[in-house]
Structures are given as C-alpha cells and as structure tokens.
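Only one structure is covered here, and it is reproduced in the block below.
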Amino acid sequence: MKRVLVVCLGNICRSPIGEELIREHAQLRGVDVTVDSAGTMGWHAGKAPDPRSQLVMRAHGLDISMQQSRPLTASDFYNFDIILCMDHQNLMDAHTIAPGPAQLSLFVADTDVPDPYYGGDDGFEKVHAMLNAAAGDWMNQWSQQTNS
C-alpha cells in the first residue's frame, strides 16, 4: 500500500483537491493507497476546504466537504511514503519542518500549481485540471511499480 500526503500552504484550496483526485484515480485503477492532505501553515486547522474548491469538485462529481485542514507535522515524514507538494515554496518549507524517510516531490512534475485563493473562480478549475492530469500520471507510475 502506498501512503500519500498532499501538501499546499493552508490545506484549504489545492491539497484537498489533490487528495481527492489521488483517491479517485487510485480507486478507478485499483491502486491501493492511503491519502491525506496537510498545509505547511496551520492557519486554517480544523476548517473545511474553501467553498470554491468544494464547488469545483462537486462539478466533477466529487465531495470534499468532510475534509478538514491540518498542519504538516514531523510525524508525517514517517507516516507517509511520499509527500506531494503543490509548489517549490511548499517543497522548501516541508524540507525545513522535519527530516524523515518520506520522498518529497512536486505534485505536478517540474511545475508550480498556482494558488487560486486570491484569484477568480476559473483558477480553481485550472488547478483541478492540472491536478487531475498529474494524479493520473502518479497512478500510472505506482501501478507499474506494483505490477513489476
């Protein structure tokens, strides 16, 4: 089983979308994963995802309303196999929180996923499209690893 943590800044916009898309793609492909999300900052701890994140996910038939924001912790680096960060700043911040055996990577290869928090609603749809494609790429990679 692959243990995956998806990380952004506040854990209310990008990482909740990424968490659910990893879960959805894994289920569709029969890849055994445990997935969660967190933020490098704990500003929104205990809060539900941004309403615009929930709206874009509902438009695609997925419900993230029960997710709750939480901060990235040192134990996450031992409880997860891979930590997928939304941008280079999240990646650098994660490196400063704690060392551990978890692999750190960008969610979208060589690309920063823009934070849609201060933008318009179309930014959430763009983030969804980027993360949906990348979640499919991760599933392809992980399913090949389990089949080899």
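Structure summary
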read-out	value
Hits in the stretch 12-34 (condition: out of contact with any Cys (no Cβ under 6 Å at 6 or more places or on another chain) and under 20 Å from Asp93 (Cβ atoms))	Ile12, Cys13, Pro16, Ile17, Gly18, Glu19
Condition check for Asn11: closer than 19 Å to His128 by Cβ and of a type in the set (S, T, N, Q)	yes
Pairs with Cβ under 8 Å, 6+ apart, first in the stretch 1-29 and more than 19 Å from Phe77 (Cα to Cα) and touching a residue at least 24 places away in the same chain (Cβ under 8 Å), second among the polar types (S, T, N, Q) and assigned to a loop (DSSP other than H, G, I, E, B)	Ile12/Ser69; Glu20/Gln67
Given (1) surrounded by fewer than 16 Cβ atoms within 10 Å (Cβ to Cβ); (2) within 20 Å of Gly10 (Cβ to Cβ); (3) out of contact with any Gly (no Cβ under 9 Å at 6 or more places or on another chain), number of the condition Gln144 does not satisfy	(2)
Test for Asp93: is it closer than 18 Å to Val127 by Cβ, out of contact with any strand residue (DSSP E or B) (no Cβ under 6 Å at 6 or more places or on another chain), surrounded by 13 or more Cβ atoms within 10 Å (Cβ to Cβ) and among the acidic types (Asp, Glu)	no
Residues located in the stretch 22-81, provided they are part of a loop (DSSP other than H, G, I, E, B), surrounded by fewer than 19 Cβ atoms within 10 Å (Cβ to Cβ) and among the hydroxyl-bearing types (Ser, Thr, Tyr)	Ser65, Thr73, Ser75
Odd one out for Ala38, checked against (1) under 15 Å from the mean Cα position of the chain (by Cα); (2) closer than 21 Å to Lys2 by Cα; (3) touching a residue at least 40 places away in the same chain (Cβ under 8 Å)	(3)
Gly136 being modelled with pLDDT of 95 or more and more than 22 Å from Ile12 (Cβ to Cβ)	yes
Residue satisfying all of: in the stretch 117-132; more than 21 Å from Gln89 (Cβ to Cβ) and free of Cβ contacts under 8 Å to residues at least 12 places away in the same chain; surrounded by the most Cβ atoms within 10 Å (Cβ to Cβ) among these	Ala129
Filter result for the condition that a residue is of a type outside the set (A, V, I, L, M) and under 17 Å from Leu131 (Cα atoms), over Pro99, Pro51, Pro114	Pro114
Any hit, the stretch 96-116, residues being surrounded by 15 or more Cβ atoms within 10 Å (Cβ to Cβ) and assigned to a helix (DSSP H, G or I)	yes
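The values are calculated or read from the model by the stated rules, or taken from the named source; none is laboratory data. This one's a predicted model, so the numbers in the text were calculated from it and none came from an experiment. Virtual Cβ from ideal backbone geometry, glycine too; neighbours counted across all protein chains shown.
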